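Peer 1: This structure is in structure tokens; I'll ask about it shortly.
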Amino acid sequence: MPFHRVLRPALVCALGFMAFGCQAKLPSTDTGTNRRTAGQLRAVVVGEELPLTTKTDAGYDGLSFVFLEAIRDQLIHTDGKKIAIQTVPVTNVREALSLLEQGKADLACGMDFSWERQTRVDYTLPFATTGIRLLAPKGNDGTPNSLKGKTIGVVQDSVAASVLANNLEAATFQFFPSPAAALEALKDGTISILGGDSLWLRASRKAAAPKDNLVPDQPYARTAVACVVPEGHESLLDASNIAIGRVLQDYVDGDQAVRKEINSWIGSGSDVGLNDDDIAHYYSVVLATVTGFRKDTDRTD
């Protein structure tokens, strides 16, 4: 998918200004020059979990890589130099944050938001939203009463683990080091209930627990999904926001190539199964919040 078209100037300015806040910027520690000289964009890949990431014969793919490739193309357009994505695989978020803080990686995409993580890295514009829910056997509606005395599998140090622990004091939790380990435990019957973010649970249900239900109807919490860069890496953060913002805008505008890419991971033809209108509405909200952008059909002035 081509990603070399530049955003309209007003959107670029707004994205640059709104790259997480209007506060005074810290002194830059941006290593973009060294990165671009080397011709590599070092991207941390956390696990291999759909719909954000999956391992292929050629490397990796997934919703996160739609946006990683857009960021790479924006950097190529800006710098006029070839840049390749170098993947740095890790098994959990803790390792990912450590690599970013040590300067051993440039960014990671597919990271759900938490205030604790925000103190360690800078988030880009979000490109997805997810809720904290559970895969549970039929007859369990996922409410606190139905989960009393139950054992729930969760990924250690995940946002879901924290949210569910705060809401389900009468449940017991079994922690797993990675999403893959948690899914395997659900498949082999080690656990019968798995908690996590809705996108991951939806994408994994057919393979891991096709007879289970995604519960409750209303998630315990909602969180955004975005890319993260080390604090102080302003030029990379700005380029990432421009790239992500343009993809969101293209989806809202009905660009068929962009819609095909996004929909293959979270749209109606995927295991996640969201419809185009819901995705476009969310992307419109993101753009309106940070840029004031609205579709012409939504104008009220």
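The values are calculated or read from the model by the stated rules, or taken from the named source; none is laboratory data. Computed from a predicted model, the values in this text were never measured in an experiment. We place every Cβ from the backbone using ideal geometry, glycine too, and count neighbours over all the protein chains shown.
Peer 1: If you go through the stretch 275-292 one residue at a time, how many are of a type in the set (S, T, N, Q) and out of contact with any helix residue (DSSP H, G or I) (no Cβ under 8 Å at 6 or more places or on another chain)?
Peer 2: Selection size over the stretch 275-292: 2.
Peer 1: Only one residue in A160, A182 is within 23 Å of V45 (Cβ to Cβ), touching a Phe, Trp or Tyr at 6+ places or on another chain (Cβ under 6 Å) and part of a helix (DSSP H, G or I), so which one is that?
Peer 2: Result: A182 is the single residue among A160, A182 that is within 23 Å of V45 (Cβ to Cβ), touching a Phe, Trp or Tyr at 6+ places or on another chain (Cβ under 6 Å) and part of a helix (DSSP H, G or I).
Peer 1: Continuing with the same structure: Tally up the residues in the stretch 66-84 that are in contact (Cβ under 8 Å) with a residue 40 or more places away in the chain and small (G, A, S), please.
Peer 2: So the count comes out to 2.
Peer 1: Could I ask something else about it? Those residues that are surrounded by fewer than 23 Cβ atoms within 10 Å (Cβ to Cβ) and under 27 Å from R94 (Cα atoms), I need them from the stretch 234-258; list them, please.
Peer 2: Correct list: E234, S235, D238.
Peer 1: Next up: In the stretch 184-213, which residue that is free of Cβ contacts under 8 Å to residues at least 60 places away in the same chain and of a type outside the set (G, A, S) is nearest to K150 (Cα to Cα)?
Peer 2: For the stretch 184-213, the residue satisfying everything is I193.
Peer 1: Can you name every residue in the stretch 82-125 that is of a type in the set (D, E) and over 14 Å from the mean Cα position of the chain (by Cα)?
Peer 2: Scanning the stretch 82-125 gives E95, E101, D106, E116.
Peer 1: All but one of (1) at pLDDT 95 or above; (2) assigned to a loop (DSSP other than H, G, I, E, B); (3) out of contact with any helix residue (DSSP H, G or I) (no Cβ under 8 Å at 6 or more places or on another chain) hold for V272; which doesn't?
Peer 2: (3)
Peer 1: Under the condition of being outside any loop (DSSP other than H, G, I, E, B) and buried (at least 18 other Cβ atoms within 10 Å of the Cβ), which residue from the stretch 134-145 is farthest from the chain's Cα centre (by Cα)?
Peer 2: A136
Peer 1: For a quick check of your reading: which strands (runs of 3 or more DSSP E) sit entirely within the stretch 32-133 and have at least 1 residues that are surrounded by fewer than 21 Cβ atoms within 10 Å (Cβ to Cβ) and basic (K, R)?
Peer 2: Passing ranges, in order: 40-46, 54-56.
Peer 1: Tell me, please, whether a residue that is part of a helix (DSSP H, G or I) and hydrophobic (A, V, I, L, M, F, W, C) can be found in the stretch 205-226.
Peer 2: Yes: one or more hits.
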